[in-house]
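Below is one structure, written out as structure tokens, with a few remarks after it.
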Amino acid sequence: MAQLILTGFMGTGKTEVGRRLARATQRAFVDTDNLVEGAAGRSVAEIFATEGEAHFRALEREAVRQAVAVPDAVVATGGGALLDADSRRLLLSAGPVVCLTATPEEILRRVGAADDRPLLRGLTPAERLAKIREILAAREPSYQLATHRIDTTGRSIDDLVGEIRSLVGAE
Ligand code: S3P
């Protein structure tokens, strides 16, 4: 198998599941948000605040390019990576793309009160929930392009790692 890609909305566990899956299968783990932050020398939140989302997507595209070049890596993307046509093409041709999902309420619970998610910044919990629902609906067509889809609501990381391994045949 080539790369294994984990995507899905923020708070669906891409990074935690990806890290654990990589360790269990002795693969490299690459997180595209980390690559963006390393290259830019700033946090994703700062990039959004100063240069905006379009600039972030361009940096993310480059990070995706680098990530899919790492042999056999488990790659966790940011929640919006599949929205960009170039990133999407690179990811879908790199290997199985597993989209992690969760209910809007679970996503809200997992992202917590921290104001570090640019798309939910400065909103009350009720507004956040509405925003999560709105973005999920808008992104559904992109998320549907993933090769597999797993609802993570109420499930443990180990359970999810096991399911992904059997789903994609990861040794
Ligand atoms: C984004 C999700 C974030 C990060 C950026 C944009 C999105 O990643 O890439 O803030 O558009 O959903 P996480 O999904 O890891 O939070």
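Among the residues making up the range 123-171, those that are in a helix (DSSP H, G or I), of a type in the set (Gly, Ala, Ser) and under 23 Å from residue 91 (Cα atoms) are 137, 138, 142, 162, 166. Annotation note: of 22, 49, the sole residue that is in contact with a strand residue (DSSP E or B) (Cβ under 6 Å, 6 or more places away or on another chain) and in a helix (DSSP H, G or I) is 22. Would it be correct to say that residue 19 is over 30 Å from residue 164 (Cα atoms) and not small (Gly, Ala, Ser)? So residue 19 fails the test. Taking the criterion of being surrounded by fewer than 20 Cβ atoms within 10 Å (Cβ to Cβ) and either within 10 Å of the ligand (Cβ to nearest atom) or of a type in the set (Phe, Trp, Tyr) (or both), the only residue of the range 14-28 that qualifies is 15.
Of the numbered criteria (1) assigned to a helix (DSSP H, G or I); (2) surrounded by 19 or more Cβ atoms within 10 Å (Cβ to Cβ); (3) within 11 Å of the ligand (Cβ to nearest atom); (4) within 16 Å of the chain's Cα centre (by Cα), the one residue 79 fails is (1).
Cβ-Cβ distances below 8 Å connect the following pairs, each with a first residue in the range 24-48 that is polar (S, T, N, Q), a second residue that is in a loop (DSSP other than H, G, I, E, B) and within 14 Å of the ligand (Cβ to nearest atom), and a separation of six or more residues or different chains: 32/77; 32/78; 43/116.
With respect to residue 100, determine if the residue is touching a Leu at 6+ places or on another chain (Cβ under 9 Å), within 12 Å of the ligand (Cβ to nearest atom) and not in a helix (DSSP H, G or I).
Details: touching a Leu at 6+ places or on another chain (Cβ under 9 Å): yes; within 12 Å of the ligand (Cβ to nearest atom): yes; not in a helix (DSSP H, G or I): yes.
Yes, satisfied.
Of everything in the range 107-128 that is away from the ligand (no atom under 14 Å from the Cβ) and within 18 Å of residue 13 (Cα to Cα), the residue that is surrounded by the fewest Cβ atoms within 10 Å (Cβ to Cβ) is 113.
Whenever a residue of the range 75-99 is closer than 15 Å to residue 168 by Cα, its partners that are among the small types (Gly, Ala, Ser) and near the ligand (Cβ under 10 Å from one of its atoms), lying with C-beta atoms within less than 6 angstrom and at least six residues away or across chains, give the pairs 99/8.
Each reported figure results from applying straightforward, stated rules to the coordinates on display, with no laboratory input. All values reported here derive from a predicted model rather than from experimental measurement. FYI the Cβ positions are ideal-geometry reconstructions off the backbone, even for glycines, and counts take in every protein chain you see.
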